[in-house]
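Data block below; observations after.
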Amino acid sequence: MKFAKRLSLFLLLCITFSCTNNRVEAVVPQIIPMPLSETILEGEFIFSSETQIVSNESFKISTRFLTEYLSDFNLKASEAEVNINTIQFIKDETILNTEGYTLDISTETIKISAKTDQGAFYAVQSLRQLLPESLEIGNATEKQFAIQCLKIEDEPQFKYRGMHLDVGRHLFSTDFIKKYIDALAMLKMNTFHWHLTEDQGWRIEIKKYPRLTEVAAFRDETLIGHYNTQPQLFDGKRYGGFYTQEQIKEIVKYANNRNVTIIPEIEMPGHSQAAIAAYPELGCTGEQVKVAQKGGVFEAIYCSKDETFNFIEDVLDEVMELFPSEYIHIGGDEAPKTRWKSCGKCQKRIKDEGLKDEHELQSYFISRVEKYLNSKGRQIIGWDEILEGGLAPNATVMSWRGFNGAIEAAKQHHNVILTPGSHCYFDHYQSENEEEPLAIGGFLPLEKVYSLNPIPEELTQEEAKYVLGAQGNVWTEYMPTSQKVEYMVFPRILALSEVVWSNPENKNYNNFVSRVENFHKRLDVLDINYANHLYEIEGEVVSKETNIFYKMKTVSKGKIIRYTLDGSEPTLKSDIYNTAIPITNKVTIKASVFHNNEKLGKTFSQKINLHKAVGKQITINKALNSSYPGSGANGLINGIKGSNSRYGDKEWLGFSGEDLEITIDLGEKTNVKSIKTRFHNGNGQWIYAPKKVEFWFDVNDRIPSAVLLNSDEMLVNIRLEKEVNTRYITLKIPNFGIIPEGKQGAGHKAWTFIDEIIVK
Ligand code: ACM
Ligand code: ZN
């Protein structure tokens, strides 16, 4: 394995160093994120160890970064006025955006102009991508590099360009945290949201409260496999650790030298079970709880008594010492109010403060902490639950449960950051391939991330000004190693970097994909474990009049698809796919992407079950949910079953709390012998199979409702064995109802997920 990697790196270096006269040829500019404007000019700048850097005090960070990046060349930096063979940093007050820059490469000089060091830093990041990937790790054996002459004018769309990392569920080395920050900087992202406290582990040393690192930083064991797998099994291994204040100081400095601000998150009042395990008096009941051993939402939350606020203020004092960021994230999400309801002190607080209920108590909690942080010159960010019961006066809202939090907050003239689960949760699956490594659920392919518009349509131009930007969230329940984090983050972070940096008018997914393909070489050299789904095939059943066809495509350009219909593996001899394949029978299509006589990626395999409803008309009485629309109502009768283990793919349709009525029009009276469908049961994700389904036909001959049993199983099959002559089939599917106490999402309405309705 290691050898193979070395070998491919060696080959890569041989290719990139394919040189003329001992000079490395200029790379074709394929910068990510795409600059605002880029004009390719005639000629090349020849970079060598003779090249000098001309800079000054204003560009300390960017100059240092460049000289360190090119340390093999021992470039001299001076303030001297040399014009030939130089990389010049020029202060340009006319560039209005403080993160903007121009990069002007001529045969004689490379001019980096910016108003600020940060702008110049981003020019350096662009220049970096105009040099061969091999320079990422130094050891350049060649002496001269050609760089394409061009002019770039660039600036970001949004001022908040963030990535989050949860180190509570799993912990990562300080070296990895630096590698993560390096990646952010390379992609012109400027904020690292460091999620430092969780139910499963407290990760920041607080000198005043040593039990936070002695007790709260360690859990006895960890859930094995997926939360929804029954019975839940645990590994029996103690797990934990934390970052010392010295380590944190070093990381903050490291990030600062890359123009990355670290926003620490200290969760409250929920997700605080680890802290309560260390100091039970912080909770309402005082009972001893354990540091949590699995993900989810827990009822042990901070009590609203004064003693808790004293603790929180002490913790935040030390946090503010370590992190100079304007913003401190105070969490605020997923705090069940169960304990508060039965706590004398919390109820007294509600009464004394004239609050209406526990939601207003949460608002009081957050506002009180905000007031404290504001008094120290800091601002708070909270997850969108901080809207419930009233927003703290100066809070910035991080909208994660879709876009509504952002809309509501912006309309109230509060700043917002978009992190909707539908587009920004990098803990979701990124491919429908069943072999994908375990993830929490959902489905967030690269294209969906790329499609994000952080400004919700519902906002006026004036309100849109409150949108600071967007962020990718990386919750690590299912990411025990840094390699897994990289797999989940790359390449989706590349898409997000364009969402937050590039001009939406320049957005073009196909063009982006070709640049991602090129970027793989850089990620290889950087030893970043990215996911590659560019050579996957996407298929779709389409109907034309009464005929059924199967269409396929792959995102990367200039490749061919070969396929078989007999279940065999596609080879160089298999048919080339040009046009939709007619489907006249039950069939398994296997297809692969080929390029230069070589098979790329994995074989795609799709079973199509041509039952009586395929290609017919279908209606659902409820609008599709924007987060789980599957491939629309037709996806329920396209002959394709959804994944057995996942609900976020193109085949499953999700509905939140709604009673469904689905009608299939078979076009004419048809003999129906059986109907089969299934529901997903993923109780950790609030998904419950309905308790019953009713079937209705044209004839007023109601079949007794089918009661679903075994609801602990993931899948429920219903079979109907009574022949009916009918044109219409209606399924009435009442929602499961309110999620019971003790379960994730208790008190909320359950989700219903349904896939193929098979009519025979
Ligand atoms: C969140 O995902 N609980 C903010
Ligand atoms: Zn209490």
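All of the numbers you see were taken from the coordinates with simple rules; none came from a lab. Bear in mind that the values here come from a model prediction, so they are computed numbers and not experimental data. Neighbour counts run over all protein chains shown; Cβ positions are idealised from the backbone, glycine included.
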D_trans [Stokes-Einstein, Kirkwood Rh over alpha-carbon pairs] for the range 146-218, 37 °C, 0.692 mPa s, µm² s⁻¹: 220 µm²/s
Looking only at the chain, where both bridge partners belong to it, what percent of the DSSP beta bridges are antiparallel (to the nearest 5)? 65 percent
What per residue convex hull volume, in Å³, comes out for the range 507-579 when only alpha-carbon positions are used? 141 Å³
Could you list which residues have their amide H under 5 Å from that of G737, counting only those 5 or more apart in sequence or on another chain, with H placed in the peptide plane? A750
State the percent of C-alpha pairs, over all pairs in the range 310-392, separated by a distance greater than 14 angstrom. 64 percent
Can you give the Kirkwood hydrodynamic radius for the range 80-200, in Å, rounded to one decimal and based on Cα pairs? 16.6 Å
How would S363, S605, S49 line up from fewest to most surrounding beta-carbon atoms within 10 angstrom? S49, S605, S363
Which whole-Hz couplings ³J(HN,Hα) result when phi for each residue of the range 574-590 is put into the Karplus expression 6.51 cos²θ - 1.76 cosθ + 1.60, θ = phi - 60°, listed in order with x for Gly and Pro? 5, 4, 8, 7, 10, 9, 3, 8, x, 10, 10, 8, 4, 8, 10, 9, 10
Exposure proxy ranking, count of Cβ atoms within 10 Å, fewest first, for W652, W686: W686, W652
Amide H neighbours of Q379 under 5 Å, at least 5 residues apart or on other chains, H built in the peptide plane: list them. Y327, I328
Here the range 568-573 yields Karplus 3J(HN,Hα) values (6.51, -1.76, 1.60; θ = phi - 60°; whole Hz; Gly and Pro given as x) of 7, 5, x, 10, 4, 8
Could you pull out every residue, at least 5 positions away or on a different chain, whose amide H is within less than 5 Å of the one on Q52? Hs are placed 1.01 Å off N in the peptide plane, and Pro or chain starts have none. T86, I87
Through the Karplus equation 6.51 cos²θ - 1.76 cosθ + 1.60, θ set to phi - 60°, convert the phi angles of the range 185-195 into ³J(HN,Hα) values in whole Hz; use x for Gly and Pro. 4, 4, 9, 6, 8, 10, 9, 10, 8, 9, 7
For the range 102-255, whose charge dipole is built from +1 on Lys and Arg Cβ atoms and -1 on Asp and Glu Cβ atoms, the candidate among S173, I206, Y243 with its Cα farthest towards the positive end is I206
What list do you get for V593, V759, V215 if you sort them by fewest beta carbons within 10 Å? V215, V759, V593
What whole-number distance in Å separates the alpha-carbon centres of the range 633-683 and the range 493-563? 28 Å
Roughly how large, in nm² to one decimal, is the mean projection of the convex hull of the alpha-carbon atoms in the range 365-458? 7.5 nm²
I need the P(r) histogram for the chain: all alpha carbon pairs, bin width 10 Å from 0 out to the longest distance, whole percents. 3, 12, 21, 23, 20, 13, 6, 2, 0, 0
Give me the Å³ per residue figure for the convex hull around the C-alpha atoms of the range 457-573. 239 Å³
Can you list the aspartates and glutamates whose alpha carbon is less than 16 Å from that of K143, not counting same-chain residues fewer than 8 positions off? E25, E44, E50, D72, E133
Percent breakdown of C-alpha pair distances by 10 Å bin, ordered from the shortest bin, for the range 482-542: 19, 47, 27, 6, 0
